[in-house]
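The values are calculated or read from the model by the stated rules, or taken from the named source; none is laboratory data. It should be emphasised that the depicted structure is a prediction, and the values quoted were computed from it without experimental measurement. Cβ placement follows ideal geometry from the backbone for every residue including glycine, while neighbour counts extend to all protein chains displayed. Accessible surface areas use protein heavy atoms only, side chains included; no ligands, DNA or RNA. Shrake-Rupley method; radii C 1.70, N 1.55, O 1.52, S 1.80 Å.
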Amino acid sequence: MTMTETEMFEPDGRAIPYGAEGEGPALVLLPERGSDIDSLNLLAHSVAQEDFRVIRIGVSAGRGSDGVDAAAQDLVQDVVDVMDHLGVDDAWVGGHAFGGSVARAVSLAHHDRVNGVLLLGVEAADVAPPLAQGLPVLVVQGTEDEVTPVANGDALQASAPGLVSVVPVEGGGHMFPMTHVGATSWAIEDYLDWD
């Protein structure tokens, strides 16, 4: 299996970059603000090799090419439109930092389409949307992350202890989904237990 190239889906004049690979239950991954979907290539490829269908979705043209001008709520429709385009009825939806906040917004607006939320680092509670009721949340966080610190994930778990599970990536800084691919992929695969 090889990593997929980025494709473009253009509903209503929006050019939404995406990539999809693998077969099995779907996992949507959204990049950190200022990163493109290629930043999650290695992680997506690793998870896809374990019988997942991994879909990376980026920021559509017109919303700020690097995501800086895009708000989480603005990106919710992009995620759902790509899922529809690919025939994905439901999925775990997750992302890296800001991408995780977008995933939380998707779970609130489209609760019936989201099986759970994956947060690769947790943005502070004052900027992130609340959790959707009743959905499981997996937090994977770098122990040395100073942008989305461990305390954010711990606070989220304390707010919903029955729904939020936290897995640390030892030595991982903010870019741990790219620098600690194996540990990050293992945490996702082990939690979802689809392999």
Legend entry - Segment residue 5-residue 193, extension gain: residue separation times 0.36 nm, minus the distance between their alpha carbons: 65.0 nm
Inset, instruction - Quickly work out the residue 170-to-residue 109 label distance, labels modelled 7 Å from Cα along the C-beta direction, and quote it in nm with one decimal. - result: 4.0 nm
Legend entry - Residue-normalised accessible area of the chain, expressed per residue, 1.4 Å probe, Å²: 42 Å²
Inset, instruction - Could you please state how large a percent of the accessible area of the chain is carbon and sulfur, counting protein chains only and using a 1.4 Å probe? - result: 49 percent
Legend entry - Solvent accessible area, Å² - residue 179, 1.4 Å probe, full protein context: 90 Å²
Inset, instruction - Rank by packing, highest mean first: peptides 38-49, 128-139, 96-107, 161-172, with packing defined as the count of other Cβ atoms within 10 Å averaged across residues. - result: 96-107, 38-49, 128-139, 161-172
Legend entry - Accessible area, probe 1.4 Å, largest first, for residues 8, 83, 175: 8, 175, 83
Inset, instruction - Using only C-alpha positions, report the orientation-averaged shadow area of the convex hull of the chain, nm², one decimal. - result: 9.5 nm²
Inset, instruction - Using amide H atoms built 1.01 Å from N in the peptide plane, name the residues 5+ places from residue 7, or on other chains, whose amide H lies under 5 Å from its own. - result: 18, 19
